[in-house]
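Notes follow the structure.
The values are calculated or read from the model by the stated rules, or taken from the named source; none is laboratory data. Fair warning: this is a prediction, and the values are worked out from it, not measured in the lab. Note that each Cβ is placed from the backbone with ideal geometry, even for glycine, and that neighbours are counted across all protein chains shown. SASA here: full protein model, heavy atoms, side chains in, ligands and nucleic acids out. Shrake-Rupley method; radii C 1.70, N 1.55, O 1.52, S 1.80 Å.
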Amino acid sequence: MRLGILTGGGDCPGLNAAIRSAVVHAIRTHDASVVGFSGGWRGLIRDEARELDLKSVAGLLTRGGTVLGTSRVDPFREPGGVDAARATLERHRLSGAIVCGGEGTLAAASRLSEAGLPLVGIPKTIDNDIPGTDHAIGFDTAVETVTRALDALQCHAESHDRIIVVEVMGRSVGWIAACAGIAGGADMIVTPEADLCVADICAVLRSRKARGRDFSIVAVAEGVRFRPDPDGRCPEVPTRLDEFGRPAYGGVGDALARELEARLHVETRTVTLGYVQRGGTPTAFDRLLASRMGVAAVDLVAEGRTGRMVCLTGGAIDSVPLSDVLAGPRAVDPAILKVAKVFFG
Ligand code: F6P
């Protein structure tokens, strides 16, 4: 057996652990060979490939990022992209290719699979918004990173009696804000799913102040857009599109901070954590998840069960049709939002 592997979309901790696991399992268990494609779909379309042997993946378990490189190239937006991808798979005589990606990359994998390309998906994204899996690789590490940042900001906010608005990633869903907000003891957690207006947030912070808590930490997901207040007031949040026409986030933290300072008359600062959330060494959970998913993905290719995505369901590794990804993005579990709400105020 020969198989390919690529990583597409945003980088995240745990991708290298998945590559390592797939390569080691393919070579040691299946006596297979593995080709790595550079820069996501770009490598498959342009045939930028290299052989991956055991030596090439030594030491990868703990390294963030992806040694294969990544891009947001979409085969359906590249002229001739689908035929070129198919031709590359045939040229290398691959039984299948493993695609590690987020919603966008796996949606393309699903469409390519419909077109007959033998692909298997591994879900990875700090946003954790991929349908069909409880966890995507990288999410746990991002939550850990944000939790540590919230811990550090607590003492700062308390020392200065400030409100600190911490803007975290997550695109149109609030998984990181909700989970890290709970773990890091945020006083208010603002997610797209909660659909709040600024007056709601002010009410929570005022009630804290009434109880003698002059400082507050507010965790806000980058994808939040506020519901207008009952009196119609609503802060403007910058809206931009990236080169692929998808919303590019960033700026909601500043918009909220300005509004809170004006309404509550408390010194307010913003911290935008940005790409720090995608970096660093993967947590033990992400290393384990990536290792399990890498093994499962190789087994699916070996069994000829392409067109599927490996997943984590209730603690077990399983697989679902790649097309399940098209139902995304996956919103935060209401049970987690309920816990987040318990600690407001
Ligand atoms: O999807 C992962 C993610 O980090 C989002 O949380 C964020 O909005 C986006 O990628 C940033 O994308 P880019 O790397 O294109 O700036």
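In table form, for the structure just shown:
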quantity	calculated
Pick from region 190-227, criterion closer than 27 Å to Arg240 by Cβ and of a type in the set (Asp, Glu), ranking: farthest from the ligand (Cβ to nearest atom)	Asp200
Region 79-108: number of residues that are closer than 21 Å to Ser291 by Cα, hydrophobic (A, V, I, L, M, F, W, C) and within 16 Å of the ligand (Cβ to nearest atom)	3
Matching residues, region 30-42, being surrounded by fewer than 24 Cβ atoms within 10 Å (Cβ to Cβ) and assigned to a loop (DSSP other than H, G, I, E, B)	Asp31, Ala32, Ser38, Gly39
Some residue of region 30-43 being within 21 Å of Ala142 (Cα to Cα) and either within 16 Å of the ligand (Cβ to nearest atom) or free of Cβ contacts under 8 Å to residues at least 12 places away in the same chain (or both)	no
Region 76-109, residues that are open to solvent by 50 Å² or more (accessible area, probe 1.4 Å) and either among the aromatic types (Phe, Trp, Tyr) or part of a strand (DSSP E or B) (or both)	Phe76
Filter result for the condition that a residue is open to solvent by 50 Å² or more (accessible area, probe 1.4 Å) and either within 15 Å of the ligand (Cβ to nearest atom) or of a type in the set (A, V, I, L, M, F, W, C) (or both), over Thr239, Thr281	Thr239
Residue count, region 298-318 (criterion: crowded, with 21+ Cβ neighbours inside 10 Å and either under 19 Å from the mean Cα position of the chain (by Cα) or at pLDDT below 95 (or both))	3
Total residues in region 110-158, condition within 16 Å of the ligand (Cβ to nearest atom), crowded, with 24+ Cβ neighbours inside 10 Å and assigned to a helix (DSSP H, G or I)	5
Residue list for region 43-75, filter: in a loop (DSSP other than H, G, I, E, B), open to solvent by less than 70 Å² (accessible area, probe 1.4 Å) and over 23 Å from Gly279 (Cβ atoms)	Asp47, Glu48, Leu54, Asp74, Pro75
